[in-house]
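The values are calculated or read from the model by the stated rules, or taken from the named source; none is laboratory data. Everything quoted here is computed from the prediction, not taken from an experiment. For the accessible areas, the whole protein counts, side chains as well, though only heavy atoms, and no ligand, DNA or RNA atoms are used. Shrake-Rupley method; radii C 1.70, N 1.55, O 1.52, S 1.80 Å.
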Amino acid sequence: MKAVVNKDGCISCGLCVSTCPEVFAFDEDGKAEANGKMDDSNFASAESARSACPVAVIDIIED
């Protein structure tokens with residue numbers, strides 16, 4: 001599984017980065033991005049970040 005962020009809709013609130021820094025970080029433009037390093041140990045926090053995103057721009061997909 002991997003997380004994907006739609007950067008066009010990202011408002012750079014930082015909720016995903018603070019909730020799951022193992023998966024999410026800010027890029028050079030200040031938008032959130034997913035580094036794709038999802039595993040069993042961080043799936044729950046990545047899912048929490050996806051669910052809490054105020055603009056719903058995070059997807060978790062099968063890779």
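Structure notes:
- Gyration tensor over alpha-carbon atoms, the chain, equivalent ellipsoid semi-axes in Å: 17, 11, 11
- The chain: most fluctuating residue of A44, A34, A25 per GNM, C-alpha cutoff 10 Å: A44
- Note on E62: accessible area is roughly 140 Å² with a 1.4 Å probe, heavy atoms of protein only.
- With all protein chains modelled, accessible area of K7 [1.4 Å, Å²]: 70
- Compared with the dominant principal axis of the Cα atoms in the chain, helix 43-52 is inclined by about 30°.
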